[in-house]
1. Over the heavy atoms of residue 181, what accessible area does a 1.4 Å probe trace out, to the nearest 10 Å²?
2. Averaged per residue, what accessible area in Å² does the range 87-153 show with a 1.4 Å probe, protein chains only?
3. So how much slack lies between residue 10 and residue 62, counting 0.36 nm per residue of separation and subtracting their Cα-Cα distance, in nm?
4. On the accessible surface of the chain, probed at 1.4 Å, how many percent belong to carbon and sulfur atoms?
5. Kindly express, to the nearest 10 degrees and within the range 0 to 90, the angle between helix 105-122's C-alpha long axis and the longest C-alpha principal axis of the chain.
6. Whole Å is fine, so just give me how far the alpha carbon centre of the range 28-83 lies from that of the range 183-257.
7. Rounded to the nearest 10 degrees, what's the angle between the helix 205-215 long axis and the longest principal axis of the chain, both from Cα atoms, 0 to 90?
8. For the range 257-394, what is the accessible area per residue in Å², given a 1.4 Å probe and the full set of protein chains?
Amino acid sequence: MTTEELLALHQQYMMPTPGRMTVAFVRGEGMKLWDLEGNCYTDFLAGIAVCGLGHCHPKVVAAIQEQAATIMHTSCLYLIEPQVRLAELLTSTCDLTKVFFCNSGAEANETAIKIARKYAKQQGRPTATKIISTIGSFHGRTTGALAATGQAKYQEPFAPLIPGFVHVPYGDAQAVAEQMDDTVCGVIVEPVQGESGVRVPPDGYLNDLRALCDEHDAILIFDEVQTGLGRTGYWYGYMHDGAVPDVMTLAKSLGGGFPMGAALCNERANVLRPGDHASTFGGNHLACAAGLAAVAAMKEEGLVENSKRVGDYARRRFGELATAHPRICDVRGRGLMLGIEVSDGSAQALSKKLFEARYIANAIGDSVLRILPPLTVTAEEVNGFVAALDAALA
Ligand code: PLP
């Protein structure tokens, strides 16, 4: 089948959402992707931070193959060994102690929202239902997670969403303080905002939110769907400030490319009881075998450290590009979650030019180029990307 033929079938049978580029990748290995016509691309987007180990990591592939041939699913009515082992491994990488598995980032955030609301009720504050979120945030597209998302363009067509959310400027702890009252049950933030253009908050912001939540007995939720699992050069984005949340949500790279999500909590926020919450597929044998292999490989292969080291190098190289090309007005991010902002609205054109040079990155709006390579990326591969971007800018 050619790409043109596939496009025709796509248009005939698929809902036109989300918007798509006219390319179909049919094979992946490490940093490389091949399209239907056999062209090879170097991937600096990693399936939007999902393929943190690169494409088809051999340990993840082997774990999926073996688990698929043994048992894939029994339902959430029974004990599941790979689930417990993955929960044990995940809690060993962070400061949280209990895990609930689901299938996506949005579902993980729905879990977090339910925890915050139930916690307040359990504390004898049934009217404390307000959740403070931030402008420019992205928490998913289910109606609860969408209510938390601070972007009107995603919300407006589907209003009314679930009530009780307010949105304040990101990075501004004072704005959160002003919303804090006895109707608040939770605060939800990304340690670095991803979808709105890789926006990094001031140092200490997360600590300030921690202190505010302690003062008002509210649940602090960090959405680490994009920042988690090594992406920012730490196991979790919150570790930059050292402010520990009550609930942390994960998805994207958790399954090494296999769909899965998780909400982790501390003992205080461990309020969900049988019947409160569940997921038919969440945390089944197959997903957890993939997750177990993926997280173990991140640990064994030192990918969190690589994310910091190569991420710092990439930022330095992008900074050099900014000197040569003044239309780059900002280079920001942490680890391998990087954004390059251009002042002339050329981000889409740059990502198109990179694509023609067989490099994959992602334009957010007209002004930010987002770079999220697999955590396995090397300095040499960064050099190749920098050369392609240099040529595109020229
Ligand atoms: N939260 C954040 C920070 C995200 O970046 C995303 C997706 O991009 C989500 C939540 C939603 O995740 P999913 O698409 O798996 O529902």
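The values are calculated or read from the model by the stated rules, or taken from the named source; none is laboratory data. No experiment lies behind these values; they were computed from the predicted model shown. Glycine gets a Cβ as well: all are built from the backbone with ideal geometry, and neighbour counts include every protein chain shown. All accessible areas refer to the heavy atoms of the entire protein, side chains included, with ligands and DNA or RNA removed. Shrake-Rupley method; radii C 1.70, N 1.55, O 1.52, S 1.80 Å.
1. 60 Å²
2. Result: 37 Å² per residue.
3. 15.6 nm
4. About 56 percent, which is the carbon plus sulfur part of the accessible surface.
5. 20 degrees
6. Here the two parts' Cα centres lie 25 Å apart.
7. 10 degrees
8. So the range 257-394 comes to 40 Å² accessible per residue, rounded to a whole number.
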